[in-house]
Amino acid sequence: NNKILDLMESYYAHIIDNMIISVEVVTDEFFNANPQRYTGLWKKVGTETHPFCGKGDIYLHAKDKFISAQPFPSLTLNAVTDEWDAPKPKPIGNYYWDEKTQSWILSERI
């Protein structure tokens, strides 16, 4: 029944300059009935094509895709994989990036 679907809450991400500035939870009916409130670029998220995202995450307009916010200033966005790359390749194993030393540190966690 479409009437029931209209009453379900959805998540909408507000995007300015390719950055998520907020995510609002409203019904589709309310969102569609209030275009003056939702000006600019909004994307419905939490769907198969647009997974959840959060404030500060990035929207790649050309790929219609969300990615996580840049975790550290030294990391750069890989245009092919859409992943954040460290200045040095990650060694094989359980390592994490240490921004302070600009190096990979072996994690003691399994």
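The values are calculated or read from the model by the stated rules, or taken from the named source; none is laboratory data. For clarity, every value in this text was computed on a predicted model and none was experimentally measured. Neighbour counts are summed over all protein chains in view; Cβ atoms, including those assigned to glycine, are modelled from backbone coordinates with ideal geometry. These area figures cover heavy atoms from the full protein model, side chains too; ligands, DNA and RNA do not enter into them. Shrake-Rupley method; radii C 1.70, N 1.55, O 1.52, S 1.80 Å.
Brief remarks on what is shown
- The calculated Kirkwood hydrodynamic radius for region 50-96 is 12.1 Å, given to one decimal from all distinct C-alpha pairs.
- Accessible surface of the chain, 1.4 Å probe, proportion on carbon and sulfur as whole %: 56
- Amide H contacts under 5 Å for L41, placed H, 5+ residues apart: I15
- Tail fraction, Cα-Cα pairs, the chain, threshold 17 Å, whole percent: 64
- Ordering of 21-33, 87-99 by packing [mean C-beta count within 10 Å, highest first]: 21-33, 87-99
- Working note: Cα gyration tensor of region 10-72, eigenvalues times five, square-rooted, sorted largest first, giving semi-axes of 20, 12, 10 Å.
- Per residue, the accessible area of the chain comes to 72 Å², computed with a 1.4 Å probe over protein heavy atoms only.
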